[in-house]
Structures are given as C-alpha cells and as structure tokens.
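The values are calculated or read from the model by the stated rules, or taken from the named source; none is laboratory data. Predicted, not measured: the structure shown is a model, and the values here were computed from it. Using ideal geometry, Cβ is built from the backbone for each residue, glycine included, and neighbour counts are taken over all protein chains shown.
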Amino acid sequence: MYIEDCRELVDEFLDVTFVLHGSGDEYVLIGTTADCVLQGPSVSLFASSLTGEDILKNMRMPKVRAFLRRLAENGVGYTDEHDSIQWMMIKSMIPQLLR
C-alpha cells in the first residue's frame, strides 16, 4: 500500500526538507507523542521517542536514510523502531483540494 509514495517521500522529500548539512536544518526534535516529521503529497512520516524524553535527530545521517528506505518498502501502516524512536508511514492528511 503506497510503497512507491513512501519511497518518494524518503528519496525526494527528505533532502528537500532537511536541506543543509552542518546548518542545523538537518535536525528534527522527536517528542514522546507521535508527530509528523516529514510530509509528502500522499504519505507522511510520523515518529515518537521511546525514551520518555525528546530526541534531537539528524535526518541526513546515512544510517537514518537506510532505515527509512527499508521502512518505506513496507508501505503505510507499518511501524518499526530505530535508535529509540518509533517510526511509521501513514497516508497524508492533506485535504484533497490541496493536492
């Protein structure tokens, strides 16, 4: 379900959203409740900290990208843990009029 869209989210939107390595723009704060960290036109990436504390995550790290690519292969609805963070691809909640 939406596997191609999940791949596109990781391969195209990740670099656009988390732009400059070394500028601080590559980091996202992952809280203890699930929240959207990457938004595409049809799917979104949600994440939540499993440590009980916020985690500052560098989204441009190669191991993060490799994990997210593997996650994308499962499509929407699949959850997995990496570096004490629970990750999940879901169908985007953007209203149809905005697509």
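Annotations
- In the stretch 62-85, the residues that are aromatic (Phe, Trp, Tyr) and within 17 Å of residue 1 (Cβ to Cβ): 78
- Candidates 83, 11: the one that is surrounded by 13 or more Cβ atoms within 10 Å (Cβ to Cβ) and modelled with pLDDT under 95 is 11.
- Residue in the stretch 44-61 that is in a loop (DSSP other than H, G, I, E, B), at pLDDT 95 or above and closer than 15 Å to residue 2 by Cβ present: no
- Whichever residue in the stretch 64-90 is under 15 Å from residue 28 (Cβ atoms) and part of a helix (DSSP H, G or I) and, among such residues, is nearest to the chain's Cα centre (by Cα): 68
- Scanning the stretch 14-50 for residues that are loosely packed, with under 12 Cβ neighbours inside 10 Å and polar (S, T, N, Q) turns up 23, 33.
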